[in-house]
1. Which of the following residues is open to solvent by 80 Å² or more (accessible area, probe 1.4 Å) and within 17 Å of residue 113 (Cα to Cα): 86, 62?
2. Only one residue in 92, 98, 68 is open to solvent by 70 Å² or more (accessible area, probe 1.4 Å), of a type outside the set (A, V, I, L, M, F, W, C) and either assigned to a loop (DSSP other than H, G, I, E, B) or in contact (Cβ under 8 Å) with a residue 60 or more places away in the chain (or both). Which one?
3. Give me the pairs: first residue in the stretch 1-20 and open to solvent by less than 80 Å² (accessible area, probe 1.4 Å), second residue assigned to a helix (DSSP H, G or I), beta-carbon distance under 9 Å, and six or more apart or on different chains, which are they?
Amino acid sequence: MELPAQTKPAVWGAVGGAVALAIIGFNWGGWQTTASANKMAKEQSDQKVIAALAPFCVERFLKSADATQSAELLKLTTNYDRGSFLEKGGYTSLPGSTETNWAVGRACGDLLAAAAKK
């Protein structure tokens, strides 16, 4: 079967258009693959969990027996080391759990530092 001569440029135009559409869609159109959408959803859910657990960490810190002494030691730590300090103190784990979370400690430390400045 012979195709008309005008068919070849039309097919190449369609292929080029599909490639251009894919490039524009993924780079500027907001299209995403399943993997990148799942990654973004996980990051957002992690941020929400950290924001929800940080106040519990602050409460545990303030209700601890050595809160005054720990608060003085916390003031001596850098912004980056706050999470580790609170994690080592056991303030970042939930009641009944032994698993600690550095990111919760970091958010907790930021809340405590903001409260100390007031």
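1. Details: 86 fails: open to solvent by 80 Å² or more (accessible area, probe 1.4 Å).
Unique residue meeting the criteria: 62.
2. Numbers: 92 fails: open to solvent by 70 Å² or more (accessible area, probe 1.4 Å); 68 fails: either assigned to a loop (DSSP other than H, G, I, E, B) or in contact (Cβ under 8 Å) with a residue 60 or more places away in the chain (or both).
Residue meeting the stated conditions: 98.
3. Between residues of the stretch 1-20 that are open to solvent by less than 80 Å² (accessible area, probe 1.4 Å) and residues that are assigned to a helix (DSSP H, G or I), there is no close pair.
The values are calculated or read from the model by the stated rules, or taken from the named source; none is laboratory data. Values in this document were obtained by computation on a predicted structure and should not be read as measured data. In this analysis, Cβ positions are derived from the backbone assuming ideal geometry, glycine residues included, and neighbour counts consider all displayed protein chains. Protein only, heavy atoms only, side chains kept; ligands, DNA and RNA dropped before computing areas. Shrake-Rupley method; radii C 1.70, N 1.55, O 1.52, S 1.80 Å.
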